[in-house]
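Input: a single structure, listed below in structure tokens.
The values are calculated or read from the model by the stated rules, or taken from the named source; none is laboratory data. Small disclaimer: the values here were computed from a predicted structure and weren't measured. Here the Cβ is made from the backbone with ideal geometry for all residues, glycine too, and neighbour counts use every protein chain on show.
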Amino acid sequence: MQLSGKVRRGLTVFCASTLVACAGRATNPGQMDLTAACRTAAGGETRIIATLRNATPEHVSVVAGAVLGTDERLAFALSLRVRRAGATALEEYVFSDPRYAGVAGRLDPWRLEMAAGAAAIFDVEARHFLAPTSGRRFDAAEPRVVSVRFRGQDPGSPWPGLGLGRPWTGVVESEPLDMPRACEIARASGL
């Protein structure tokens, strides 16, 4: 498996040609596929790992978020759907890196070109998700069931004739994770 990664101050993105199995797998043959896992570091920081895989037979273009002028990547396409212990209602948390809460200036689309079978792995701090209705940050220590969502937007075609992939739009959601239990199991396993 060929794996390359770039660390972007709290957001690590890897692109891989094959996918390693992980917890919370949702399989959509012939479509995009999203898996989710979590891990808690010894210092207590919890990270959410979402793997978007192109399970279509063709090359696709996906917008994962935005790129700042400093080349920082913001994964706005990711969100969490959360069900608290004992509750029936779902709460949505959107990606919102607190270091860039009031970005002024130009934001370019963060476009991923994904060949058939390719994967993009997003490794994001759990506290980078915010409930827009309450303004609360996601607290990974509270017991709850969490699904990760990826919302693909049309990247447009600013460079016609370059042979880029077909734009992929839609929403894909992972199987639920039981947090913080799933993160603790991953930590105990050395993941």
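Structure above, values below:
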| quantity | calculated |
| --- | --- |
| Count of the stretch 95-116 residues which are exposed (fewer than 11 other Cβ atoms within 10 Å of the Cβ) and touching a His at 6+ places or on another chain (Cβ under 8 Å) | 0 |
| Residue among SER134, SER157 that is more than 20 Å from the chain's Cα centre (by Cα), modelled with pLDDT of 90 or more and either surrounded by fewer than 19 Cβ atoms within 10 Å (Cβ to Cβ) or over 30 Å from HIS59 (Cα atoms) (or both) | SER134 |
| ALA140 vs. criteria in contact (Cβ under 8 Å) with a residue 40 or more places away in the chain, within 18 Å of THR169 (Cα to Cα) and not in a strand (DSSP E or B) | no |
| First in the stretch 122-135 and over 19 Å from ALA66 (Cα atoms), second anywhere and surrounded by 19 or more Cβ atoms within 10 Å (Cβ to Cβ), Cβ under 7 Å, 6 or more apart | ALA131/TYR93 |
| Sole exception among (1) out of contact with any strand residue (DSSP E or B) (no Cβ under 8 Å at 6 or more places or on another chain); (2) among the aliphatic types (A, V, I, L, M); (3) at pLDDT 75 or above for VAL7, by number | (3) |
| Condition met for GLU92 (surrounded by fewer than 21 Cβ atoms within 10 Å (Cβ to Cβ) and in contact with a Leu (Cβ under 8 Å, 6 or more places away or on another chain)) | yes |
| Looking only at the stretch 37-79, and only at residues there that are hydroxyl-bearing (Ser, Thr, Tyr) and over 29 Å from ALA141 (Cβ atoms), the one that is modelled with the highest pLDDT | THR56 |
| Residues that are out of contact with any Gly (no Cβ under 9 Å at 6 or more places or on another chain) and aliphatic (A, V, I, L, M), drawn from the stretch 113-132 | ALA116, ALA118, ALA119, ALA120, ALA126, LEU130, ALA131 |
| From THR40, THR56, THR70, residue being of a type in the set (S, T, N, Q), touching a helix residue (DSSP H, G or I) at 6+ places or on another chain (Cβ under 8 Å) and surrounded by fewer than 22 Cβ atoms within 10 Å (Cβ to Cβ) | THR40 |
